Amino acid sequence: MSDSSPVRPVVPVLDVWCDLQCPDCRSALEDVRALRARYGDRLELRLRHFPLEKHKHAFAAAQAAEEAAEQGKGWDYVEALLGRVEELGREGEPFLVEVAGELGLDAEEFDTALIDGRHILIVDADQAEGKAIGVTGTPTYVIDGERLDGGKSQEGLRERIEEIADRLLAAPGA
């Protein structure tokens, strides 16, 4: 059987390895917003979960972000959490449900998702993949096979990501 649908150009992928309770990830949010604004759908920006052990609510926050994505507001939820990492640290899982309600998401379903663990496998898979490719802290970016560690410094990272993305988008067939 032949597929007569038009061939879609390959879109470069930027994986952003993130801990949603991480102050460094909050600092990186401005760069992530700028990249999303600049490239739109010409660059696939994927949030990848890498909850760090030192942040006791990060694993639950990652699961909550997956539930938000399932309910259609993944990035809105991620940005809301990253903007309030201190509150997450103080209030824990009830805060995750509270933020969902603030965004108009089904807070009851959020609570159920956190209890039944329906998104644990996604978070575990992201974390395992991150470890396999050498992610040790957050934020870490991976584009075109190049890993950029934002946990040490955000200095110059957005420019480097833009340089790589522009090169990939200029390549034949892009």
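Per-residue ellipticity at 222 nm for the chain, helices alone: DSSP H runs ≥ 4 residues times -39500 (n - 2.57), over residue total, nearest 500 deg cm²/dmol? Helices in the chain give a 222 nm mean residue ellipticity of -16500 deg cm²/dmol.
Within the chain, antiparallel bridges make up roughly 55 percent of the DSSP beta bridges whose residues both belong there.
Enter the mean projected area of the convex hull around the alpha-carbon atoms of region 42-133, in nm², rounded to one decimal.
Average projection, Cα convex hull of region 42-133: 6.3 nm².
Straight-distance candidates among the lysines for linking to residue 54, with alpha-carbon spacing under 26 Å and chain neighbours fewer than 8 residues away dropped: 131, 152.
Report Rg/Rh for region 7-92, rounded to two decimals, where Rg is the Cα radius of gyration and Rh the Kirkwood radius.
With Rh from the inverse mean 1/r over Cα pairs, Rg/Rh is 1.00.
Seen against the Cα atoms of the chain and their longest principal axis, helix 93-102 is set at about 70 degrees. I need the trypsin sites (Lys or Arg not before Pro) found in region 1-102, filtered to DSSP loop residues with at most 11 other beta carbons within 10 Å of theirs. Answer in residue order: 54. Two numbers describe the Cα atoms of region 83-173: Rg and Dmax, which are 17.7, 50 Å. Computed over the chain, the Cα gyration tensor eigenvalues convert (square root of 5λ each) into semi-axes of 28, 20, 15 Å, ordered from largest to smallest.
Here, each number is a calculation from the coordinates, and none is a lab measurement. Here the structure is a predicted model, which is why all the values come from computation and not from measurement. As a convention, Cβ positions derive from the backbone with ideal geometry for all residues, glycine included, and neighbour counts pool all protein chains shown.
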